[in-house]
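Presented below is the structure to which this report refers.
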Amino acid sequence: MSVIETAPAFDLPGVDRRNHSLAEYADAPVLVLVQSCNHCPYVLAWEDRINELQRQYAGQGVRIVAISSNDADAYPADSFEAMVEHAREATYVIDYLYDESQIVARALGAERTPEAFVFDADRALVYHGAVDDNRNEADVTAHYLRDAIEAALAGETPPVADTAPVGCTVKWRS
Amino acid sequence: MKVEFLFWEGCPSYPEARELLEAVLTEHGLEQPIDVIEVLTQHDAVRLAFPGSPTIRIDGRDVDEAGALSPPSLTCRVYRLPDGRPSPVPSRQQLEEALP
């Protein structure tokens, strides 16, 4: 599956029980979509860092949006109600949306959780891949997502535009 | 002693977990063959009571007995490190404590 080049249109329910669309984020100079879920240990290892990036860059208008597309029938831990509970427990400041039809995941070309897609002000993809280079935060040496956000805010090309995401597979409906 | 290592290829943690298991066994002087079992289908997961990848059993006992209670599933298993952080692989301490 190839990765998308521009941000896909979406209109999805969020854990705040409101729908959120691509248009809602039109004012954000940088939009980050993160393919995610509840049950994956790789997501659990990285989610605090993703949340922290949202806190760090909120003042500059950056929006980070996590999207779960996993088949909740096969993986009940990824149901919408479980998402609501998980976002509360993990004190998410990011929006967390449910892509039940999996249309957005397919449009993105997502394969893993977590998998980040950074779009610039024109909603062109400028970075795709991992959050950073180590699930153990103390051992991180390359901050791919943070560097991509910084570059996009500056109107520059990120130093690294594509990395291989490390994580669980997206749980597709059969 | 019987050592079983069950994994599902859809979760990328199994090479690291197997390497850690082999290292721990070696360090404890246990030149024990590991019975490596690939779980391919949900049917296999149910049949093998496989709660996620990787699953390690020593003499039939899961190295993380609490996690072993999760429903059988083709998924990545969540372990907790001694400091409480989630991890896709068990800690060295968990493996060592599971040795006879």
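Given R₀ = 30 Å, what would the calculated FRET efficiency be for A:Glu85 paired with A:Arg173, taking r from the Cβ atoms and rounding to 0.05?
Taking R0 as 30 Å, the efficiency between A:Glu85 and A:Arg173 is 0.85.
Quantify how strongly other chains surround peptide A:132-139 by giving the mean number of their Cβ atoms within 10 Å of each of its Cβ atoms.
Working: counts 0, 0, 0, 6, 3, 1, 0, 0.
Whole-number average of other-chain Cβ neighbours for A:132-139 is 1.
How large is ³J(HN,Hα) for each residue in segment A:135-151, as worked out from phi by the Karplus curve 6.51 cos²θ - 1.76 cosθ + 1.60 (θ = phi - 60°), to whole Hz, x for Gly and Pro?
The phi angles translate into 6, 8, 4, 5, 9, 6, 10, 10, 9, 4, 5, 4, 5, 5, 4, 4, 5 Hz.
With a Förster radius of 41 Å, plug the Cβ-Cβ distance of B:Glu16 and A:Ala26 into 1/(1 + (r/R0)^6) and report the FRET value to the nearest 0.05.
For R0 = 41 Å, the calculated efficiency reads 0.45.
Which whole-number percent is the relative contact order of chain A (Cα, under 8 Å, 6+ apart)? Could the numbers behind the result be given before it?
Details: 360 pairs, mean separation 49.0, N = 174.
Across chain A, relative contact order equals 28 percent.
Would you grab the residues whose amide H sits under 5 Å from the one on A:Ile64? Only those 5+ places off in sequence or on another chain, please, with H modelled 1.01 Å from N.
A:Val32, A:Asp95
First measure r as the distance between the Cβ atoms of B:Val36 and A:Asn136, then evaluate 1/(1 + (r/R0)^6) with R0 = 22 Å and state the FRET efficiency to the nearest 0.05.
So the FRET efficiency works out to roughly 0.30.
In whole Hz, what ³J(HN,Hα) sequence does segment A:158-165 give by Karplus (6.51, -1.76, 1.60; θ = phi - 60°), x for Gly and Pro?
Ordered by residue, 3J(HN,Hα) equals x, x, 10, 9, 8, 9, 7, x Hz.
From the backbone phi of segment B:64-70, what are the Karplus-calculated ³J(HN,Hα) couplings (6.51 cos²θ - 1.76 cosθ + 1.60, θ = phi - 60°) in whole Hz, Gly and Pro given as x?
Residue by residue, segment B:64-70 yields 9, 5, 5, x, 5, 7, 5 Hz.
Please compute, for peptide A:168-174, the average count of beta-carbon atoms on other protein chains lying within 10 Å of each residue's beta-carbon.
Mean number of neighbouring Cβ atoms from other chains: 3.
Quick check: the distance between the Cα centres of segment B:1-58 and segment A:1-57, to the nearest angstrom?
Between the Cα centre of segment B:1-58 and that of segment A:1-57, the gap is 34 Å.
Non-local amide H neighbours of B:Cys76 (under 5 Å, H modeled in plane, Pro and chain starts lacking H): which ones?
The list, which skips near neighbours in sequence, is B:Ser53.
How big is the C-alpha Rg of segment B:3-98 next to the rule-of-thumb value 2.2 N^0.38 Å, as a ratio?
The reported ratio for this selection is 0.99.
Across the residues of B:75-88, average count of Cβ atoms on other protein chains within 10 Å?
Per-residue shielding by partner chains comes out at 5.
Looking at chain A, which Cys residues are left with no other cysteine's beta carbon under 4.7 Å from theirs?
A:Cys37
Bear in mind these aren't lab numbers, they're just calculated from the coordinates by the rules spelled out. This one's a predicted model, so the numbers in the text were calculated from it and none came from an experiment. Glycine also receives a Cβ, built like all others from the backbone with ideal geometry; neighbour counts cover every protein chain displayed.
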